[in-house]
1. Could you tell me how many degrees, from 0 to 90 and to the nearest 10, lie between the Cα long axis of helix A:77-88 and the main elongation axis, the longest principal axis, of the Cα atoms of chain A?
2. Sort A:222, B:208, A:199 so the one with the fewest other Cβ atoms within 10 Å of its own Cβ comes first.
3. Among rounded, prolate and oblate, which fits segment A:99-299 when a ≥ b ≥ c are the square roots of the eigenvalues of its C-alpha gyration tensor, a/c under 1.5 means rounded, and a/b larger than b/c means prolate?
4. May I ask for the angle, rounded to the nearest 10°, between helix A:136-148 and the longest principal axis of chain A, with both axes built from Cα atoms and the value confined to 0 to 90°?
5. Just to be sure I understand: of the beta bridges DSSP finds with both ends in the protein assembly as shown, what percent are antiparallel, rounded to 5?
6. With each run of n ≥ 4 DSSP H residues scored as -39500 (n - 2.57), what mean residue ellipticity at 222 nm is computed for the protein assembly as shown after dividing by its residue count and rounding to the nearest 500 deg cm²/dmol?
7. Rounded to whole Å, give me the distance from the Cα center of segment A:105-161 to that of segment B:102-145.
8. Given a 10 angstrom Cα cut-off, can you work out which residue in A:175, A:104, A:60 is the most mobile in a GNM of chain A?
């Protein structure tokens, strides 16, 4: 699940076309949503089409309709869906991937959490970037928290646990070196403030940012390890659960619920849904962002 | 606000609203149309609707342009009113006509609120109300559309009747990132719900529309906890969280399923429990572009561009 950024550059970006889309692609869109929770909206449908077309070519399928059979009939079904998910989430990872999510975090959620914890002696904020891939999300969170460390989070300890299944990704993440593609959405201010120049095309995250994060390898399906990830205020798990089947997904989400503090929040990717796998989390909306909330004890909504 | 104060405030607003000469007059075909909308569908005659639509040339032309928007799901734009009515259905054409009437009743000049933002929110809310009620299997989704379209007309009254105070409220709301009605209450002592009600009553709108206008921010206060009001309330909140708000950042967390309005709606429609709100939200996002196009078609003169994207909402 971490090959996305490596292959992204090698693939020519497909462009929107005004031609009507074969209706079977909307069927595929619905199937992908039902199985993975990833929703490719109309304006991103061309990405789904391009992904399918690459698979159609590789499988030498005659047309989209025949590809639909690959996606729905045994024995190819599960493997093919996984392949397609890989295709359509390619190149999605970058720093500052979802500004509305960060805005909700800093403008609404942090003030709420700080307010609720105001009476606690140790002022500590714990964040888990689960399935951190090559570290883009983890560093984005760290930089934004550092921005708040002189304001809302003054005097607070910030800890970010970043985990991934893939050793290679974890090593890449630790290095914190990014090229133009990964930095395409990063505001100049952050580039100047939190990065060092490696060469003409690459920037490296400064030690000050790295200090906040502990990178490690973790399998989300390893129940005993999952039990140790307690006391989280925020959990981010972007485009990772899409590869899990229903029961394993439910299990991981239950772990997340348990691992969160009361009043904590769980974030998925921007076009990803938890489907109906957990009824303890409250779905909450912020301007432009969605999160899952574990109600605080005093709200009486558990 | 206690009830004596509320009554006094309402009387004051009604007084101001009545005394103002610039108050928008209700478009000629508006009431007959609303009456038709309240009839059982089999009692509405094709010719009657065609006649109403054709009453005003400008509006008729606008209706045709709007009818060709992908949001209404036609593959080919109808070239005359009768064809539009046949292909879109009577009810749909009625709501399109009402939408156009609204645009003409409130010409844009010196609005405290960005007209484009306002219409995008109103039209967005209308669409969301309609889709929401379709998902619930409610009997009359066109009525839900109307309620969504009209719910904020109080803002227009405020723009015209209380321009200074309202402008202050708008800028305070944006500065403090708070809901507009909180700022209205703080600055003016009343909100667009009260002034909207005054206009709705002077227009003799039917009771359910008046309630949706008066109580969409406090649906639990509506005398009989009315599902239509609850629907408008929830749709309004959702729009404000998804690029169809008042044009500034509202520092808000919205938990729709924990809202009292949700319980009201659930009581009437058990199917609400099965609605996939996340997917609904994604679908709403898809419609934003189309809604913007529609707003420039209807409210921004002939310059409107219709995009063919975003067909599915």
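1. Helix A:77-88 and the main axis of chain A meet at about 70 degrees.
2. Numbers: A:222 12, B:208 17, A:199 9.
Starting with the residue having the fewest Cβ neighbours, the order is A:199, A:222, B:208.
3. Working: a/c = 1.63, a/b = 1.22, b/c = 1.34.
Note, shape of segment A:99-299 comes out oblate.
4. Roughly 30 degrees, rounded to the nearest 10.
5. Numbers: 14 of 33 bridges.
Antiparallel: roughly 40 percent of the beta bridges in the protein assembly as shown.
6. On the way: 29 runs with 319 residues, N = 615.
That calculation yields -15500 deg cm²/dmol at 222 nm.
7. 39
8. Among A:175, A:104, A:60, the largest mean-square fluctuation in the Gaussian network model of chain A belongs to A:60.
A short reminder: the numbers here are calculations on the coordinates, not readings from a lab. Keep in mind that this is a model prediction, so the values were computed, not measured. Note: ideal-geometry Cβ built from the backbone for every residue, glycine included; neighbour counts use all protein chains shown.
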